[in-house]
Amino acid sequence: MKKRVLAYGRLNDTQLAQLAEHFEVQTFSDLASADDPDFRAALPGAHGLIGASLTVTPELLDAAPELETIATISVGYDNYPVDELTRRGILLCNTPDVLTETTADTGFLLVMAAARRAVELAEWVKRGDWQAGVGPEHFGSDVHGKTLGMIGFGRIGAAIARRGALGFGMRVLYSNASSKPALEAELGAEHRELDALLAESDFVCVTVPLTVETEHLIGEREFALMKPSAIFVNIARGKVVHEAALIEALEMGRIRAAGLDVFEQEPLSPESPLPHMTNVVALPHIGSATHETRTAMAQRAVDNLILALNGERPISLVNESAWRAS
Ligand code: NAP
């Protein structure tokens, strides 16, 4: 009898057909929450889940006693209870690497757009306010030759730093859980403790995963340490930043501007002051959102799920110890 898979992420027809060759597949397009009654009804017989952005709780896992593998269409996995999955012997597979360069493009887009006030001034042109030449009140900040401080220096952090160092002649500082001698050699990057990095950087860019250690890593104290001319970019997860402190730092002019792809609550509430601030570039979590990359991420998740449910090691596995125990 074929194993059963619940597909709640965006998969194309070819990818769905690949899954259907191996499994009985039930699709849930635009699943808004795990409370969807049809989804709940299907959980008891599910061996695999494939999708993105669903918050998986131990209570949901209780409803899915046959579950063997979750293939998330994302590299981040802060919406999964990893220890609980491991305890239950459920594999969690993610999609690193295939989205690194696209997400780094988005990160650098935020650096550039916030520094050169691209969104604010494009809106100004759209409104018909461009009646004479621009003056100092419209000037931005240089990017080339400045100091780029990376908080988190993994795949995406390194790819953003590469753009800065090699494309824009930026000096790169980094703060990270482990030291990165290969990147120091490649990019001339220098390690700094977090406080020193905040004080020295012209651009502060966050690329750490959201974990218990990194939640609210950047708050009032950290914004106070930054230069008043600093431009802050978050391409990681909203909850790494204390958003109220960010809003206050921007309002009080403690930092110059921010480029944000992620927020504490998503979708961002229209009540939030952030998208209304002229010195904020706010994007709707589009780090990896290109046709090519989303297709590649979905394919990686499909490949992971087919391998794992057929007893083979998936390409990208979050909880290695669940595999070893299986
Ligand atoms: P990664 O390669 O695992 O890099 C994360 C880096 O953060 C690693 O170098 C890690 O250190 C470091 N780190 C972890 N915990 C830390 C801590 N407490 N203090 C300091 N450094 C810490 O992951 P990635 O592929 O670059 O992705 C990073 C994150 O970006 C994801 O987890 C996801 O949340 C986010 N993301 C967002 C989007 C988007 O659409 N905006 C898209 C993709 C990813 P070590 O090297 O020592 O392990």
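Each reported figure results from applying straightforward, stated rules to the coordinates on display, with no laboratory input. Predicted, not measured: the structure shown is a model, and the values here were computed from it. For neighbour counting, all protein chains shown are included, and Cβ atoms are generated from backbone atoms with ideal geometry for every residue, glycine included.
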Sort out for me the Cα centre separation of segment 30-46 from segment 265-326, rounded to whole Å.
20 Å
Restricting to bridges with both residues inside the chain, how much of the DSSP beta-bridge set is antiparallel, in percent to the nearest 5?
5 percent
Summing +1 for each Lys or Arg and -1 for each Asp or Glu, what net charge is found among the other residues whose Cβ lies under 14 Å from the Cβ of Asp195?
-1
If you scale each eigenvalue of the Cα gyration tensor by 5 and take the root, what three semi-axes come out for the chain, rounded to whole angstrom and sorted largest first?
39, 22, 18
Find out how many positive minus negative residues lie around Leu250, taking Lys and Arg as positive, Asp and Glu as negative, among other residues whose Cβ is under 12 Å from that of Leu250.
-1
Ordered by residue, what ³J(HN,Hα) values in Hz, to whole numbers, does segment 139-154 give under the Karplus form 6.51 cos²θ - 1.76 cosθ + 1.60, where θ = phi - 60° and Gly and Pro are x?
5, x, 10, 5, 9, 4, x, 8, 9, 9, x, 9, 9, x, 9, x
Over all viewing directions the Cα convex hull of segment 1-112 casts an average projected area in nm² of 8.1 nm²
What angle do you read, to the nearest 10 degrees and between 0 and 90, between the alpha-carbon axis of helix 291-309 and the longest principal axis of the chain?
30 degrees
Starting from the alpha-carbon convex hull of segment 265-326, give the projected area averaged over all orientations, in nm².
6.6 nm²
Report the gain in length on full extension from His22 to Asp35: 0.36 nm times residue separation, minus Cα-Cα distance, nm rounded to one decimal.
2.0 nm
If unit charges are put on Cβ atoms (+1 for Lys and Arg, -1 for Asp and Glu) and the dipole of the chain is taken about its Cα centre, the option from Asn79, Cys205, His276 lying farthest towards the positive end turns out to be Cys205
Give me the angle, in degrees from 0 to 90, between the Cα long axis of helix 100-116 and the longest principal axis of the Cα atoms of the chain, rounded to the nearest 10.
30 degrees
Segment 202-236 scanned against label point 7 Å out from His144 along Cα→C-beta; backbone N under 19 Å for 202-203
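Take each of the peptides 276-282, 150-156, average the number of other beta-carbon atoms within 10 Å over its residues, and list them starting from the highest.
Ranking, from highest mean packing down: 150-156, 276-282.
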